[in-house]
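These notes concern the structure reproduced below.
Any read-out appearing in this document is the output of simple, stated calculations on the displayed coordinates, not a laboratory observation. Small disclaimer: the values here were computed from a predicted structure and weren't measured. Here the Cβ is made from the backbone with ideal geometry for all residues, glycine too, and neighbour counts use every protein chain on show.
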Amino acid sequence: MTLRVAVVGSGPAGSCAAEVLAKAGIETYLFERKLDNAKPCGGAIPLCMVNEFDLPAEIIDRKVRKMKMISPSNREVDINLINEDEYIGMCRREVLDSFLRNRAAKLGAILINATVHKLDIPGNNKDSYTIHYVDHNEGGAQGIAKTLKVDVIIGADGANSRIAKEIDAGDYNYAIAFQERIRIPEEKLAYYNDLAEMYVGDDVSTDFYAWVFPKYDHVAVGTGTMSVNKANIKQLQAGIRARAAHKLEGGKIIKVEAHPIPEHPRPRRVVGRVALVGDAAGYVTKSSGEGIYFAAKSGRMCAETIVEMSNAGAIIPTEKDLKIYLKNWDRKYGLTYKVLDILQSVFYRSDATREAFVEMCSDLDVQKLTFDSYLYKTVVPANPITQLKITAKTIGSLLRGNALAP
């Protein structure tokens, strides 16, 4: 037999999964509803992703080596990378996603431009899953109804995952990312050449942060919030536009985007021979709201488990086999999610705690720990003395900002 795997969704999670499967010679179908789709997000990727996923230089619009943290009272703290070869990559999602998708297809994944509607789930461990979908390659937007039988399914279809609903994976809270892409005059864009800005405050986000991130020929200006009320989101976006107004003068909005972002992993991420990855699984970190690397990595880890447990496609893996991917994932990244969850609940509670947070970011030990954690995706264990210093500084900052008051 030859194992047949369907990957639904061709963002970083789905494309990286399909690449691993196709390389192993497994019959791989990669479904994508909109081939020109780009998820609205800041588009920041850590250095480790560039190397680990062999991303070519043209994927990166800007190499950011300077971050500006801006507090509710407009106190600015500069965080600069010291090593010349270190940077945060800024990319446009349509460019990144297209590259990863095409690479998977070149390696043998069968790309299907289609909307998946429904699954027929077998009653045993051996029978096929039937995917019901509408093929847009034929029949355009309306499409033509078709079915496909497969042995394993990877749900990589984002926060509103149809696959997650079909397997009753359970719900999660989600935030909304709202972003405007703004083309600003060249002399203004020069300011953002290798600089990204993060703003905190109730005026720009009640539970998250707002950003100005540089792209190829424009800046992405946005906010994240747990509020799904459109009026609230508009008000918060007006807040970030007002805070950054003098830097965006003469700018023209070229695109407006909004998208849900999961706030924690789903209750069930593997059911039967169906596994969830990326946003569909809920792999966005609290505090930073970052998920591109974790999406790509989860897709790869899930596919590697399938390749290994199926003996490169010779046998059908079981639910127990697929759950090995979850064990490996939780062992590797569980602590990262917990730490960032705590950080968000401590520092994003009020403007007083946000002031304390920005003050803390001026400390070089904190900066190094933060950047190492972000660039290399580990909760870097500082030596005990540094750890004690950081703890003392954290408590000191919180006390000075009256942020420990209930």
Note to self: Under a crude label model (7 Å from the Cα following the beta-carbon direction), how far is His246 from Ala352 in nanometres?
What the structure shows: 3.0
Item checked: Relative contact order, percent, the chain [alpha-carbon distance under 8 Å, six or more residues apart] -> 21
Item checked: Ranked Phe53, Phe357, Phe99, criterion: other C-beta atoms within 10 Å, fewest first -> Phe99, Phe53, Phe357
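With a cap of 11 neighbouring Cβ atoms within 10 Å, and only residues DSSP puts in a loop, list the trypsin sites (Lys or Arg not before Pro) found in the range 109-171.
On the way: sites: Lys118, Lys126, Lys146, Lys149, Arg162, Lys165; in loops: Lys126.
Those that pass, being in a loop and sparsely packed, are Lys126.
Taking neighbour counts of Cβ atoms within 10 Å as a proxy for exposure, in what order, fewest first, do Thr115, Thr2 appear?
Working: Thr115 18, Thr2 9.
Ordered by Cβ neighbours within 10 Å, fewest first: Thr2, Thr115.
If the only charges are +1 at each Lys and Arg Cβ and -1 at each Asp and Glu Cβ, what is the size of the charge dipole of the chain around the Cα centre, to the nearest 20 debye? Intermediate values should be presented prior to the final figure.
Numbers: 53 positive and 50 negative charges, 90 e Å.
Rounded to the nearest 20 debye, it is 440 debye.
Using +1 on the beta carbon of Lys and Arg, -1 on that of Asp and Glu, and nothing else charged, what's the dipole of the range 12-160 about the Cα centre, debye to 20?
Details: 19 positive and 21 negative charges, 58 e Å.
Computed about the Cα centre, the dipole is about 280 debye.
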Margin query: At 7 Å along Cα-to-Cβ for each site, give me the label-to-label distance between Val256 and Asn51 in nm.
Written below: 4.2
Notebook entry, point to check: Among Gly140, Gly155, Gly289, which one moves the most in a GNM of the chain with springs linking Cα atoms closer than 10 Å?
Noted result: Gly140
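Can you compute the charge dipole magnitude of the range 1-89 about its Cα centre, using +1 on each Lys and Arg Cβ and -1 on each Asp and Glu Cβ, nothing else charged? Give it in debye, rounded to the nearest 20. Intermediate results must be reported in sequence, preceding the final value.
Numbers: 11 positive and 13 negative charges, 76 e Å.
It works out to roughly 360 debye.
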Notebook entry, point to check: Are there trypsin sites (Lys or Arg not before Pro) in the range 24-89 that DSSP puts in a loop and that have at most 16 other Cβ atoms within 10 Å, and which ones?
Noted result: Lys34, Arg75
Note to self: Averaged across orientations, what area in nm² does the convex hull of the alpha carbons in the chain project?
What the structure shows: 20.4
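Given the pairs Lys230/Lys338; Lys118/Lys323; Lys255/Lys332, which are separated by over 25 angstrom at their Cα positions?
Values: Lys230/Lys338 30 Å; Lys118/Lys323 23 Å; Lys255/Lys332 37 Å.
Flagged as over cut-off: Lys230/Lys338; Lys255/Lys332.
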Note to self: Can you find, among Met360, Ile60, Thr28, the residue sitting farthest towards the positive end of the charge dipole of the chain, where Lys and Arg contribute +1 and Asp and Glu -1 at Cβ?
What the structure shows: Thr28
Check: If you rank Leu107, Leu189, Leu100 by fewest surrounding Cβ atoms within 10 Å, what's the result?
Finding: Leu107, Leu189, Leu100
